[in-house]
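Structure first, then comments.
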Amino acid sequence: DAKTTQPPSMDCAEGRAANLPCNHSTISGNEYVYWYRQIHSQGPQYIIHGLKNNETNEMASLIITEDRKSSTLILPHATLRDTAVYYCIVRPQGGKLIFGQGTELSVKP
Amino acid sequence: EAEVAQSPRYKITEKSQAVAFWCDPISGHATLYWYRQILGQGPELLVQFQDESVVDDSQLPKDRFSAERLKGVDSTLKIQPAELGDSAMYLCASSLVLAGVQETQYFGPGTRLLVL
């Protein structure tokens, strides 16, 4: 079973920041938070992952709370091409990826 | 940028027929995964290979599904006979192994199977 809770859907205006929340209150000390997204009819795309520090790459930023029980994925300037299902997954190093239902993000013009 | 390749992208077959999917992982990735994704759900792991060896096939329906990675590079997933409930997206992923640990998984575009 997935160890994360995400809202089923969210809307975001094009050009604005998209903030996608994820709860993982039972996360263990050796588990990483991973984010993938899946655009319709494509394979999942890796976005970012982190352990306890905030992370940023060319796609997004990942903010993890100090107690590590929740995190937020931030897409700083959402575009229509960011419309996708976003999956938040907790995974021990080398462990399985267990996908939940994810958040369906709709970016609207 | 290196990518995981899969073929075919789409497959339509009739129930009781055999069907096969092919995956070529990113070069140098020792670990290869096959997932199944039913419409509206997240992907579920079917089988995991480390080089040519199966390390996890606990969720693979072994009565009709088989997977092989004979030379530890590309892989084939076969279904025989196909059933209506096998209609799904079949995804392949691969990852590096560093210091004995599987790193980030990268996915291919998937093969969408429709069984009639």
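The values are calculated or read from the model by the stated rules, or taken from the named source; none is laboratory data. Keep in mind that this is a model prediction, so the values were computed, not measured. Cβ coordinates were reconstructed from backbone atoms using ideal geometry, including for glycine residues, and neighbour counts include every protein chain displayed.
When B:Arg69, B:Arg64, B:Arg9, B:Arg36 are checked against the criterion of being in contact with a helix residue (DSSP H, G or I) (Cβ under 9 Å, 6 or more places away or on another chain) and either small (Gly, Ala, Ser) or closer than 23 Å to A:Leu97 by Cβ (or both), a single residue qualifies: B:Arg36.
If you go through region B:92-114 and keep only what is over 21 Å from B:Ala30 (Cβ atoms) and aliphatic (A, V, I, L, M), you end up with B:Leu113, B:Leu114. Taking into account only those residues within region B:54-63 that are more than 14 Å from chain A (Cβ to nearest Cβ) and over 16 Å from B:Cys23 (Cβ atoms), which is surrounded by the fewest Cβ atoms within 10 Å (Cβ to Cβ)? It comes out as B:Asp63. Within the option set B:Ser27, B:Ser75, being surrounded by 15 or more Cβ atoms within 10 Å (Cβ to Cβ), away from chain A (no Cβ under 14 Å) and of a type in the set (S, T, N, Q) holds for one residue only, B:Ser75. If you go through region A:17-42 and pick out every residue that is part of a loop (DSSP other than H, G, I, E, B) and touching a strand residue (DSSP E or B) at 6+ places or on another chain (Cβ under 9 Å), you end up with 11. The residues listed here are A:Asn57, A:Asn30; of these, the one that is under 30 Å from B:Val55 (Cα atoms) and exposed (fewer than 13 other Cβ atoms within 10 Å of the Cβ) is A:Asn30.
Of all residue pairs spaced 6 or more apart or on separate chains, those with beta-carbon atoms under 6 Å, a first member in region A:40-61 that is within 17 Å of A:Leu20 (Cβ to Cβ) and a second member that is loosely packed, with under 15 Cβ neighbours inside 10 Å are A:Ile48/A:Asn57.
Restricting attention to region A:79-97, and to residues there that are of a type outside the set (Ser, Thr, Tyr) and touching a Leu at 6+ places or on another chain (Cβ under 8 Å), which single residue is surrounded by the most Cβ atoms within 10 Å (Cβ to Cβ)?
Quick first cut of region A:79-97, residues of a type outside the set (Ser, Thr, Tyr) only: A:80-82, A:84-85, A:88-97.
From what's left, touching a Leu at 6+ places or on another chain (Cβ under 8 Å): A:82, A:84-85, A:88-89, A:91, A:96-97.
On the way: A:Asp82: 19, A:Ala84: 21, A:Val85: 21, A:Cys88: 28, A:Ile89: 25, A:Arg91: 19, A:Lys96: 14, A:Leu97: 23.
Looking at the filtered set, the residue picked out is A:Cys88.
Scanning region A:68-109 for residues that are more than 14 Å from chain B (Cβ to nearest Cβ), within 14 Å of A:Trp35 (Cβ to Cβ) and in a strand (DSSP E or B) turns up A:Ser70, A:Ser71, A:Thr72, A:Leu73, A:Ile74, A:Leu75, A:Leu105. With respect to the conditions (1) surrounded by 13 or more Cβ atoms within 10 Å (Cβ to Cβ); (2) of a type outside the set (Lys, Arg); (3) modelled with pLDDT of 95 or more, A:Pro8 falls short on a single one, namely (1).
Evaluate the following for B:Gln80: is it surrounded by 16 or more Cβ atoms within 10 Å (Cβ to Cβ) and either more than 14 Å from chain A (Cβ to nearest Cβ) or closer than 21 Å to A:Arg37 by Cβ (or both)?
Here the answer is no, as B:Gln80 does not meet what is asked.
Taken together, B:Leu114, B:Leu70, B:Leu91, B:Leu98 contain a single residue that is within 18 Å of B:Ser16 (Cα to Cα) and of a type outside the set (Asp, Glu), which is B:Leu114.
Look at region B:1-20: where a residue is farther than 16 Å from B:Ala88 by Cβ and a partner is assigned to a strand (DSSP E or B) and hydroxyl-bearing (Ser, Thr, Tyr), sitting 6+ places away or on another chain with Cβ atoms under 8 Å, you get B:Glu3/B:Tyr106; B:Val4/B:Ser94; B:Val4/B:Tyr106; B:Ser7/B:Thr111.
Would you mind telling me which numbered condition in (1) hydroxyl-bearing (Ser, Thr, Tyr); (2) assigned to a loop (DSSP other than H, G, I, E, B); (3) away from every other protein chain (no Cβ under 13 Å) B:Ser66 fails? Going through the list (1) hydroxyl-bearing (Ser, Thr, Tyr); (2) assigned to a loop (DSSP other than H, G, I, E, B); (3) away from every other protein chain (no Cβ under 13 Å), B:Ser66 breaks only (2).
With respect to the conditions (1) within 11 Å of chain A (Cβ to nearest Cβ); (2) at positive phi; (3) among the charged types (D, E, K, R), B:Asp51 lacks only one, and its number is (1).
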